[in-house]
Structures are given as structure tokens and as C-alpha cells.
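Taking it in order: structure first as C-alpha cells, then the write-up.
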Amino acid sequence: MSGLSSIPVRVAADGDACHGNALAILHEVRHALERLISTGEATRIDLHALPFGAGDEAWLTALLGTGEVLATIEALGPTSVQETAIPGVWLVDYRNAEGQRLALHLEVTCIPAILRTQCRELDTAVATLDTRLSTATPGGSHPLS
Amino acid sequence: MRVFEKNPLEKGLAERLREHGVSRRGFLKFCAATASMMALPPAMIPAIAAALERARRPSVIWLSFQECTGCTESLTRSHAPTVEDLILDLISLDYHHTLQAAAGEAAEAAREQAMRDNHGNYLLIVDGSLPGPDANPGYSTIAGVSNYAMLMEAVEGAAAVIAVGTCAAFGGLPAAAPNPTGAVSVMDLVKDRPVVNVSGCPPVPMVITGVLAHFLTFGRLPELDEYHRPLAFFGQSIHDRCYRRPFYDKGLFAETFDDAGARAGWCLYRLGCKGPSTYNACATMRWNSGTSWPIEAGHPCLGCAEPRFWDAGGFYVPLSVPTGPAQDYLLAAGALGAVVGGVVATSARGRVKAEAAVRQPVTVEELEQKL
Ligand code: SF4
Ligand code: SF4
């Protein structure tokens with residue numbers, strides 16, 4: 001073989017192909033929804049740890065659709081929290097500062113834990129506000145952003 | 001299993017992260033990434049968070065013997081958390097030839113100092129195999145010290161040893177026939193300390209960091225299989241988690257690398273896939289920041305995480321071809337579906353072990369014929 005150019009490279013056409021491995025997850029989501037409704041118990045599924053083939057994840061997310069809520073959290077890189085078109089089913093996409101995916105979770109819950117104000121940080125809330133109040137000048141420019 | 005001693009004066013990880021301006025949400029995200037990295041279900045995140053609140057920085061000494069640096073290259077390609085986080089915040093990497101700034105006598109002095117200061121508690125990581133006690137020590141030395149002497153001295157004060165890569169775990173390519181350097185694995189030499197084998201040539205980056213994260217989080221080593229590999233990553237075969245498995249179960253196989261079956265993404269068994277007898281996490285953790293993995297790229301698994309994969313015959317020869325009734329084997333899998341497929345995979349594992357013992361190494365001529 002004379003060089004790389006002599007290797008016939010054919011780009012696979014169907015990036016949307018689904019290998020059928022996402023269907024089982026949808027049934028798991030259905031069970032989780034029933035559990036959420038009857039007992040209030042939330043469920044998280046790590047999609048990053050599943051044996052998906054090319055196209056399976058895209059098929060799953062397309063089927064779940066897009067709901068009304070999309071939030072982005074900036075903490076150790078961006079995390080996007082998207083409610084799907086199925087109420088109570090959320091896609092939480094954790095990325096690092098370079099945009100690489102750390103984990104992709106399907107959360108079946110009323111509100112994903114990472115969106116809530118963290119009780120552990122409430123202990124600093126009053127002190128932070130007090131600091132800002134002490135430097136605030138009524139009618140003046142805003143203090144610290 | 002032994003729980004490692006922690007310095008009560010040292011701050012826990014959560015506190016250290018908070019001091020660095022990392023919010024509680026950032027910490028929870030870190031825990032989610034850590035669970036994923038440790039191959040634990042998300043339901044474990046609260047337990048991981050509770051354990052990481054108290055986690056201390058273990059001292060780590062990393063020795064590299066007869067190796068190609070592929071394992072370190074793999075580690076530095078890890079993306080969750082970034083290796084900088086891991087090395088600087090989570091572990092205290094006190095000695096690593098390739099990554100440390102110091103060289104020569106200063107480097108060796110740093111190793112000796114760390115071994116003294118953390119005697120009995122440090123984690124010893126080894127990549128590469130080493131000439132055994134009966135081999136010529138001159139095949140591999142560091143600062144004039146034989147690999148064997150350096151390993152035994154470092155093991156003395158180690159809490160546990162992690163053998164990273166198939167060379168350290170099982171001998172690897174340096175031990176390939178006729179094994180000119182008398183290479184042996186870490187497990188062949190270390191008998192009085194827990195040894196964890198993180199095999200793979202190289203190991204999946206997230207598996208290396210996952211094992212370290214497990215140690216950091218829970219202060220103890222993970223559960224191991226018969227080859228001392230962590231079950232969380234090596235508990236299931238490539239075949240059991242392969243997305244091409246439905247094709248295997250239906251008996252749909254690619255026969256060459258560019259036929260219609262290959263283009264349709266069918267099973268690579270007949271192209272020599274060792275997935276049924278290989279235990280590793282590639283199928284779910286994937287490579288290159290989770291982008292893809294060898295079988296998804298259209299190449300059969302070579303079995304790189306298994307003992308003696310280097311001398312187990314041609315990479316492109318189907319598992320059952322050398323001695324067994326291959327066609328019956330495949331027909332059974334194809335006709336009876338997933339359940340039988342699983343049984344076949346299990347029997348294939350036993351079979352490959354037996355075959356590995358009698359196979360002749362493949363020659364260049366044979367390889368060229370196959371290609
Ligand atoms: S033989 Fe290989 S390609 Fe086929 S299903 Fe098993 S692991 Fe996947
Ligand atoms: S697919 Fe097989 S040969 Fe390739 S890296 Fe994974 S275990 Fe090793």
C-alpha cells in the first residue's frame with residue numbers, strides 16, 4: 001500500500017441509526033415514574049454507563065423530547081438541567097470546564113437535587129447578605145455583583 | 001479489608017474544595033462524576049458525598065518499570081475529574097518519573113522521603129513488569145537500583161499496591177515468549193500486601209482514576225475478581241455489554257472489514273473479537289473522553305485486559321477457530337438467542353484459557369495472510 005490516501009475511507013451515512021439498546025431504559029423510566037407517583041421516590045439513571053451504540057442516546061433523547069424548563073448551573077464547569085416533554089423526567093448533563101461530559105443522568109423526580117438551593121450553604125447566606133448590606137449605599141450603585 | 005489510617009488534623013475534601021471557592025453544587029457535581037467514574041449507580045451519590053466530606057489525601061508513589069508509558073499517557077487523558085484535580089487536590093503524588101518536575105538524585109530523594117514520612121500508609125502504584133529475582137537485574141534499573149530491589153523496598157511501607165496496566169498486572173508484552181528479560185508481574189512477587197490489578201493495554205483512563213477515587217472515597221480497596229481486578233470495572237465481559245450483542249445473538253456477523261455486515265455494524269466475532277473472553281469496561285466507559293471504543297470503531301476486541309493475551313494466537317482469528325467446532329458454536333448462539341449467547345460466552349472464556357496454554361505465537365507470515 002503506497003500511503004494513507006490509497007485507503008478508501010467511506011464515512012458512515014446514518015449517524016441517527018439506533019441499535020435498539022435505549023428501549024429498555026424507557027421501560028425503566030416508566031417504572032421510575034410510577035414509583036415517583038405512588039411513593040414520591042426519585043430515581044437517577046446514569047446514561048453514560050450504559051452500553052449504547054452510536055445513535056441510541058440521540059434516539060432516546062429525541063423520543064423524550066424537550067419540556068419547558070432549561071437551566072444552566074455554573075459550578076466546576078457547566079451543568080445543564082433540562083426537563084423533557086415527559087413531566088418529571090429530567091436530563092442532567094454534567095460537563096467540566098473544557099466542555100467534556102463527566103456524566104449524563106436521567107432523573108425521574110419533581111426537581112433535580114442540584115437545582116435546589118443547597119441547605120449546607122444557607123449557613124453563609126445571612127452573613128453574605130449582611131456583608132453586602134454593610135457596603136450598600138441607598139440609591140447608589142450596586143455593591144458586589 | 002484494612003481501612004487506612006487518616007491524619008485527624010488534615011482537612012476533608014469537601015472543606016478543602018469549599019476553601020477553594022467550590023460551591024456545594026460543585027461538590028455534588030464532583031460526586032456525580034466520581035460515582036460515574038467508579039461505575040457505581042447514581043443512588044450511591046449521597047454515600048459518596050458523605051465519604052468524600054471526610055476523605056484525606058493519600059500519599060502515592062508511582063514506580064515505572066518495563067513499560068511503554070502508555071499507562072501514564074492513558075491516565076493523563078482522564079477527564080473526570082481532570083487529572084490536575086486528581087493529582088493536586090485528591091492525592092499527593094509524591095513520586096512519578098514522568099510527571100514529576102524533579103529528576104535524578106532529587107527525584108530519588110523525594111521518593112525516599114515520602115516513603116519514610118508515610119511509612120505503612122502510602123499507596124504504591126506500579127506500571128510495567130520487571131525482571132524477576134532470578135533474571136539479570138541489568139535489564140531494567142533506575143538510578144542504578146534494580147527494579148526488583150526498588151519494588152521490594154517500596155512495598156515494605158506500602159498499605160497496598162496497585163498494578164496499572166497488563167504488564168504490571170500479568171507480565172504483558174515484556175513477558176511475551178521467549179520472555180528475554182525474565183519479566184514477571186507485581187502479583188508474582190508481592191505476597192504480603194493487597195495487590196489490585198488494573199489491567200488493560202493500556203487501562204481505560206477512567207478505570208485508573210476510578211480505582212484511585214474508590215480508595216480516596218472509602219479509604220479501602222474495591223472488591224476484586226479472581227485476577228485481583230476490581231469487580232466494578234472488570235465484573236462483566238466486553239461481550240455482555242457490547243451494543244453489537246443483538247447481532248451476535250441473531251447470528252449476524254461481519255466476515256471481512258469492508259463487507260455489507262461490517263458496514264451495517266454487525267458482530268465482529270468472526271473477525272477475531274475476543275469480547276466474549278475479555279473482562280474490561282470499554283463498552284460503557286469508552287475511550288477519548290467517552291467518545292467511542294474499539295468495537296464501535298469497527299475493530300474487534302484484542303483481549304488486552306486478560307492474562308497472556310499477548311501469546312494467545314492471532315488477533316484476527318476467531319476465538320473458537322484454532323481447536324473447536326466453530327460453526328456449531330456460532331449456530332447455537334445464533335439460533336437460540338441471548339440466553340444461549342451468554343452461556344456460549346462463558347464457555348468461550350474457559351475455552352480461551354485452555355487454548356491460550358497450547359497456542360503457538362502467530363508469525364508475521366500468518367498475520368500478513370490474514371490481512
Ligand atoms: S463478539 Fe465482540 S463484537 Fe460481537 S457482540 Fe461480542 S463483544 Fe461485541
Ligand atoms: S476493546 Fe478489548 S482490546 Fe480494546 S481496549 Fe478494550 S479490552 Fe482492550
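The values are calculated or read from the model by the stated rules, or taken from the named source; none is laboratory data. Values in this document were obtained by computation on a predicted structure and should not be read as measured data. With ideal geometry, Cβ positions are generated from the backbone for all residues, glycine too; neighbour counts draw on all protein chains shown. We work out accessible area using only protein heavy atoms, side chains counted, and drop any ligands, DNA or RNA first. Shrake-Rupley method; radii C 1.70, N 1.55, O 1.52, S 1.80 Å.
Checking the structure you have, find out if any residue of the range B:189-202 is within 14 Å of chain A (Cβ to nearest Cβ), part of a helix (DSSP H, G or I) and either open to solvent by 10 Å² or more (accessible area, probe 1.4 Å) or away from ligand 2 (no atom under 16 Å from the Cβ) (or both).
From the range B:189-202, those within 14 Å of chain A (Cβ to nearest Cβ) are none; that's our starting set.
No.
Evaluate the following for B:LEU221: is it crowded, with 21+ Cβ neighbours inside 10 Å and part of a helix (DSSP H, G or I)? Lay out the reasoning, then the answer.
Numbers: crowded, with 21+ Cβ neighbours inside 10 Å: yes; part of a helix (DSSP H, G or I): no.
Here the answer is no, as B:LEU221 does not meet what is asked.
Can you name the residue in the range B:267-294 that is within 11 Å of chain A (Cβ to nearest Cβ) and hydrophobic (A, V, I, L, M, F, W, C) and, of all such residues, is farthest from ligand 1 (Cβ to nearest atom)?
Top of the filtered list is B:MET285.
Kindly list, by first and then second residue, each pair from a residue in the range B:287-306 that is hydroxyl-bearing (Ser, Thr, Tyr) to a residue that is part of a strand (DSSP E or B), limited to pairs with Cβ atoms under 7 Å and residues at least 6 apart or on different chains.
What qualifies is B:SER289/B:HIS79.
In the list A:GLY88, A:GLY65, A:GLY55, which residue meets the criterion of being under 14 Å from the mean Cα position of the chain (by Cα), open to solvent by less than 20 Å² (accessible area, probe 1.4 Å) and at positive phi? Give the steps one after another, and end with the answer.
Details: A:GLY65 fails: open to solvent by less than 20 Å² (accessible area, probe 1.4 Å); A:GLY55 fails: under 14 Å from the mean Cα position of the chain (by Cα).
Matching residue, one of A:GLY88, A:GLY65, A:GLY55: A:GLY88.
Look through the range B:36-57, keep the residues that are part of a helix (DSSP H, G or I) and facing another protein chain (nearest Cβ under 7 Å), and return whichever of them is surrounded by the most Cβ atoms within 10 Å (Cβ to Cβ).
Keep residues of the range B:36-57 that are part of a helix (DSSP H, G or I), which gives B:36-37, B:42-54.
Checking which are facing another protein chain (nearest Cβ under 7 Å) leaves us with B:36, B:42-43.
On the way: B:SER36: 28, B:PRO42: 21, B:ALA43: 13.
Step by step, filter the range B:36-57, then rank; the result is B:SER36.
For (1) outside any loop (DSSP other than H, G, I, E, B); (2) crowded, with 19+ Cβ neighbours inside 10 Å; (3) near ligand 2 (Cβ under 8 Å from one of its atoms), each residue gets a yes or a no:
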{"residue": "B:GLY265", "(1), (2), (3)": "no, yes, no"}
{"residue": "B:CYS273", "(1), (2), (3)": "no, yes, no"}
{"residue": "B:ALA283", "(1), (2), (3)": "yes, yes, yes"}
{"residue": "B:GLY290", "(1), (2), (3)": "no, yes, no"}
{"residue": "B:PRO294", "(1), (2), (3)": "no, yes, yes"}
{"residue": "B:ALA297", "(1), (2), (3)": "no, no, no"}
{"residue": "B:LEU302", "(1), (2), (3)": "no, yes, yes"}
{"residue": "B:ALA305", "(1), (2), (3)": "no, yes, yes"}
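Mind counting the residues in the range A:60-108 that are hydrophobic (A, V, I, L, M, F, W, C), touching a strand residue (DSSP E or B) at 6+ places or on another chain (Cβ under 6 Å) and within 14 Å of another protein chain (Cβ to nearest Cβ)?
11
Looking only at residues in the range B:130-151 that are part of a strand (DSSP E or B) and touching a residue at least 12 places away in the same chain (Cβ under 8 Å), which one is surrounded by the fewest Cβ atoms within 10 Å (Cβ to Cβ)?
Our first condition is that a residue be part of a strand (DSSP E or B); within the range B:130-151, this holds for B:130-131, B:141-142, B:145-146.
Remaining after also requiring touching a residue at least 12 places away in the same chain (Cβ under 8 Å): B:130-131, B:142, B:146.
Numbers: B:LEU130: 32, B:PRO131: 24, B:ILE142: 16, B:SER146: 20.
Here the answer is B:ILE142.
Filtering the range B:307-318 down to residues that are assigned to a loop (DSSP other than H, G, I, E, B) and not basic (Lys, Arg), which residue is nearest to B:HIS228 (Cα to Cα)? Steps first, please.
Filtering the range B:307-318 down to residues assigned to a loop (DSSP other than H, G, I, E, B) leaves B:307-308, B:312-318.
Imposing the further condition that a residue be not basic (Lys, Arg) reduces the set to B:307, B:312-318.
Values: B:PRO307: 12, B:ALA312: 21, B:GLY313: 24, B:GLY314: 26, B:PHE315: 25, B:TYR316: 28, B:VAL317: 28, B:PRO318: 27 Å.
The extreme case among them is B:PRO307.
Among (1) in a strand (DSSP E or B); (2) facing another protein chain (nearest Cβ under 8 Å); (3) open to solvent by less than 40 Å² (accessible area, probe 1.4 Å), where does A:ARG44 come up short?
It is condition (3) that A:ARG44 fails.
When residues of the range A:27-41 are filtered for being part of a helix (DSSP H, G or I), within 13 Å of chain B (Cβ to nearest Cβ) and surrounded by fewer than 19 Cβ atoms within 10 Å (Cβ to Cβ), how many remain? Walk me through it before giving the result.
The first filter runs over the range A:27-41 and keeps only residues part of a helix (DSSP H, G or I), leaving A:27-39.
Cutting the leftovers down to within 13 Å of chain B (Cβ to nearest Cβ) gives us A:28, A:32, A:35.
Checking which are surrounded by fewer than 19 Cβ atoms within 10 Å (Cβ to Cβ) leaves us with A:28, A:35.
Going through the range A:27-41 one residue at a time, the tally reaches 2.
If A:ALA49 satisfies all but one of (1) open to solvent by 30 Å² or more (accessible area, probe 1.4 Å); (2) modelled with pLDDT under 85; (3) over 20 Å from B:PRO46 (Cβ atoms); (4) within 13 Å of another protein chain (Cβ to nearest Cβ), what's the number of the condition it fails?
(3)
Scan the range A:97-121 for residues that are closer than 20 Å to A:LEU50 by Cα and of a type outside the set (Lys, Arg) and jot them down. It would help to see each step written out before you state the result.
We begin by selecting, within the range A:97-121, every residue closer than 20 Å to A:LEU50 by Cα; these are A:100-108.
Result: A:GLN100, A:LEU102, A:ALA103, A:LEU104, A:HIS105, A:LEU106, A:GLU107, A:VAL108.
With the requirement that a residue be open to solvent by less than 40 Å² (accessible area, probe 1.4 Å) and either within 13 Å of ligand 1 (Cβ to nearest atom) or at pLDDT 90 or above (or both), what does the range B:315-325 give you? Spell out how you get there, then give the answer.
The first filter runs over the range B:315-325 and keeps only residues open to solvent by less than 40 Å² (accessible area, probe 1.4 Å), leaving B:317-320, B:324.
Within the range B:315-325, B:VAL317, B:PRO318, B:LEU319, B:SER320 meet the criteria.
Can you tell me which of A:GLU57, A:GLU98 is at pLDDT below 95 and in a loop (DSSP other than H, G, I, E, B)? Don't jump to the end; show me each part of the working.
Details: A:GLU57 fails: in a loop (DSSP other than H, G, I, E, B).
Among A:GLU57, A:GLU98, only A:GLU98 is at pLDDT below 95 and in a loop (DSSP other than H, G, I, E, B).
So is B:CYS242 crowded, with 22+ Cβ neighbours inside 10 Å, within 14 Å of chain A (Cβ to nearest Cβ), within 10 Å of ligand 2 (Cβ to nearest atom) and not charged (D, E, K, R) or not?
On the way: crowded, with 22+ Cβ neighbours inside 10 Å: yes; within 14 Å of chain A (Cβ to nearest Cβ): yes; within 10 Å of ligand 2 (Cβ to nearest atom): yes; not charged (D, E, K, R): yes.
Considered against the rule, which asks whether it is crowded, with 22+ Cβ neighbours inside 10 Å, within 14 Å of chain A (Cβ to nearest Cβ), within 10 Å of ligand 2 (Cβ to nearest atom) and not charged (D, E, K, R), B:CYS242 comes out as yes.
Could you tell me whether any residue of the range B:6-27 is modelled with pLDDT under 80, of a type in the set (Lys, Arg) and not in a helix (DSSP H, G or I)?
In the first step, residues of the range B:6-27 are kept if they are modelled with pLDDT under 80; the result is B:6-22.
From what's left, of a type in the set (Lys, Arg): B:6, B:11, B:16, B:18.
Still in the running and not in a helix (DSSP H, G or I): B:6, B:11.
Scanning the range B:6-27, I find at least one residue that is modelled with pLDDT under 80, of a type in the set (Lys, Arg) and not in a helix (DSSP H, G or I), so the answer is yes.
Quick check on my filter: what residues within the range B:152-188 are under 17 Å from B:PRO202 (Cα atoms) and in a loop (DSSP other than H, G, I, E, B)?
The first filter runs over the range B:152-188 and keeps only residues under 17 Å from B:PRO202 (Cα atoms), leaving B:162-176, B:185-186.
Correct list: B:GLY165, B:GLY171, B:GLY172, B:ALA176, B:SER185.
In the set B:PHE253, B:PHE257, B:PHE309, which member is crowded, with 20+ Cβ neighbours inside 10 Å and more than 30 Å from B:GLY210 (Cα to Cα)?
On the way: B:PHE257 fails: crowded, with 20+ Cβ neighbours inside 10 Å; B:PHE309 fails: more than 30 Å from B:GLY210 (Cα to Cα).
Only one candidate qualifies: B:PHE253.
Is it the case that some residue within the range B:214-234 is in contact with a Pro (Cβ under 8 Å, 6 or more places away or on another chain), within 16 Å of ligand 1 (Cβ to nearest atom) and hydroxyl-bearing (Ser, Thr, Tyr)? So that I can check it myself, show each step before the final result.
At the first step, the residues of the range B:214-234 found to be in contact with a Pro (Cβ under 8 Å, 6 or more places away or on another chain) are B:214-216, B:221-224, B:227, B:230-232.
Next cut, within 16 Å of ligand 1 (Cβ to nearest atom) only: none.
No, the range B:214-234 contains no residue that is in contact with a Pro (Cβ under 8 Å, 6 or more places away or on another chain), within 16 Å of ligand 1 (Cβ to nearest atom) and hydroxyl-bearing (Ser, Thr, Tyr).
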